[in-house]
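Here is the structure we will look at.
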Amino acid sequence: MKKTSVRSKTWQYRGACLALASLLAANAVQGQQAQPSQGAQPAPQAPPPGDIRVSTMAAQPPATPELEMKDDSVQLALNQAVEIALQQNLGIVIERYARTQRRLGIIQALGIYDLVADATLQATDEQQAVVATTDAGSQNQQVFNFGFAQRIPTGGNVTFGWDNSRTESNARNRDTPTSFNSGFNFAYTQSLLQNFGRLAFERNLVIAQTNSRISRQEFERIVTETVQDVENAYWNLVNAREQLVVAQQSLALARELNDRNRIQVEVGTLAPLEMVQSEAAIATRDEDIIRATSAIGDAEDELRRLLNLPTTEGLWQKPIVPTTAPETERISIDLAAAINTALEERPELRTQELQLAQAQLDAEFFRHQLRPQLNLTANYGNNGTGVGFQNAFNQVTGFDFRGWGIRLDFLYPIQNRTARAQSAAANLDFERVRTLLDQQKTLISTEVRRAARAVDTAAKQIDAARISLEFQNKNLDAERKRYENGMSTSFQITQIQDDLTQARSRQVQATINYRTALAEYYRSIGRLLEQQGIAVDDPGEPDWEAQRFSFSRAPLPGEGRR
């Protein structure tokens, strides 16, 4: 009876301490649904649309982002992490270059309308043997010709040329040893069947415009994926830090049990063998803490990589403390409306639609290539000759010696295999791209359904984890009473403590899963940027139809760089 009394008193004292510690820990975990994590601020409301602007124009990112430091740690909120990534992330920086290059592709394609000037300067001096009295023994000539060429939207080419020459010869049949020749000529060439019209001539411009618009959608897709990656990395870090807290709580329980066992062994109420189990539990939970600490380092490095934090400022050595709590309001999802939103908003679909429109234009272009070639050439000119340049010039401007010509050239390959094969391939490509669009719609609808299901599942997991934690706390209390009455062992207590630790871990993970599921859902419907208050600033495509014959030489992005 005395032995039992000593054990009972010892248990009551240590058990009361353990019960109080467990109650506090359980309340802390159970209250996660309403209270922020350690060191965190209440979850902020989503910013209104357009609070964060991200430009598509190529520019050098700022050297070092502004970060709040506290206790030699980086204090980082989720919206701040997203904003830094939008400026610094190397994937977005690279995509800015690609976007700007695609826009420049339109300016490059506009080169078909560049006014082309050409000039020729030539001087010759020839001497030869004379075999007839009309031959010239020596002759020298100076030539200065210049002209302009301009293409027009129908595919035609308009040229103007002015030729001038001075010839000096000792031929006896010439009235004067020196003569001047001058004249101008207008010419116009035009394809009348194959390659006639804007569709044929401006096809590369349309392709450049389509590629530019596709790059705009691709930029939005990259930004969306980056924002989602940053969110996931942020919540992974929150999860890792919370899991470390859970591991520390688990270690505290194991040490509490070991301390109780040591006292009972010392007073002779417990066999020394019971110490082995509690000490083994402490060693196991020390390993859990080591793994949890390593997971924090991995999560911090991934977040630093996405934010592209500079390595020269020591930011890769400083801990990152998330200040945004993971708890958030739950949403209700209308699946049909969500799918319709995704089909309207997803940049992948808009890209596919642009590619389908281009494939349709290509099919029409190659269908026109089945036509035979019929080319028109027309020219008109005037010329003059005199003993002086002024005489020749007066004859030209007086239209004394006019001339014109017109010509039609017809060409048609009898089998026409090349054009037929190209047209057939273009038709098949149009059907292929149309099928790809249907496939993309199906994939996106499936993604939305899966994402909506994941949000619903994560919400239910939070509730289930909370209930499980409540039961595990009750189960531990019951097992303690059994242990007090000599009906349980350290091994059984340790197992139930492990069950309680797993329940706490599942509740933390369930809360994080809900946030990552929300990010995936908003991405799947094409609304992640809007939900985060992010707007893409894009200048759009140059108005090439209005700039066909522009002489503007405004600096271009990247011009003059080395």
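The values are calculated or read from the model by the stated rules, or taken from the named source; none is laboratory data. Keep in mind it's a predicted model, so treat the numbers as computed, not measured. Reconstructed Cβ throughout: ideal geometry from the backbone, glycine too, with neighbour counts over all protein chains shown.
Structure above, values below:
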read-out: Options Arg466, Arg449, Arg417: the member that is farther than 30 Å from Gln495 by Cα, outside the structural domain of Tyr380 (by TED's automatic domain parsing) and surrounded by 12 or more Cβ atoms within 10 Å (Cβ to Cβ); value: Arg449
read-out: Qualifying position, being hydroxyl-bearing (Ser, Thr, Tyr) and within 30 Å of Asp362 (Cβ to Cβ), among Thr457, Thr442; value: Thr442
read-out: Only listed residue being over 30 Å from Ala295 (Cβ atoms) and in contact with a strand residue (DSSP E or B) (Cβ under 6 Å, 6 or more places away or on another chain), chosen from Asp477, Asp537, Asp543; value: Asp537
read-out: Residue among Ala357, Ala424 that is out of contact with any strand residue (DSSP E or B) (no Cβ under 7 Å at 6 or more places or on another chain), free of Cβ contacts under 8 Å to residues at least 60 places away in the same chain and aliphatic (A, V, I, L, M); value: Ala424
read-out: Members of the stretch 307-349 found to be at positive phi and over 25 Å from the mean Cα position of the chain (by Cα), listed by number; value: Gly314
read-out: Test result for Asp429, more than 30 Å from Asn164 (Cβ to Cβ) and among the acidic types (Asp, Glu); value: yes
read-out: Condition check for Thr516: among the hydroxyl-bearing types (Ser, Thr, Tyr), part of a helix (DSSP H, G or I) and at pLDDT 85 or above; value: yes
read-out: Any strands (runs of 3 or more DSSP E) falling wholly within the stretch 133-240 and containing at least 2 residues that are hydroxyl-bearing (Ser, Thr, Tyr) and modelled with pLDDT of 95 or more; value: 178-191
read-out: So Leu500, is it surrounded by 15 or more Cβ atoms within 10 Å (Cβ to Cβ), aliphatic (A, V, I, L, M) and at pLDDT 90 or above; value: no
read-out: Number of positions in the stretch 451-474 that are in contact (Cβ under 8 Å) with a residue 12 or more places away in the chain and either among the basic types (Lys, Arg) or in contact with a strand residue (DSSP E or B) (Cβ under 9 Å, 6 or more places away or on another chain) (or both); value: 1
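Conditions tested, residue by residue: (1) part of a loop (DSSP other than H, G, I, E, B); (2) crowded, with 18+ Cβ neighbours inside 10 Å.
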{"site": "Ser278", "(1), (2)": "no, yes"}
{"site": "Thr284", "(1), (2)": "no, no"}
{"site": "Glu302", "(1), (2)": "no, no"}
{"site": "Ile333", "(1), (2)": "yes, no"}
{"site": "Ile339", "(1), (2)": "no, yes"}
{"site": "Arg350", "(1), (2)": "no, yes"}
{"site": "Gln360", "(1), (2)": "no, no"}
{"site": "Glu364", "(1), (2)": "no, no"}
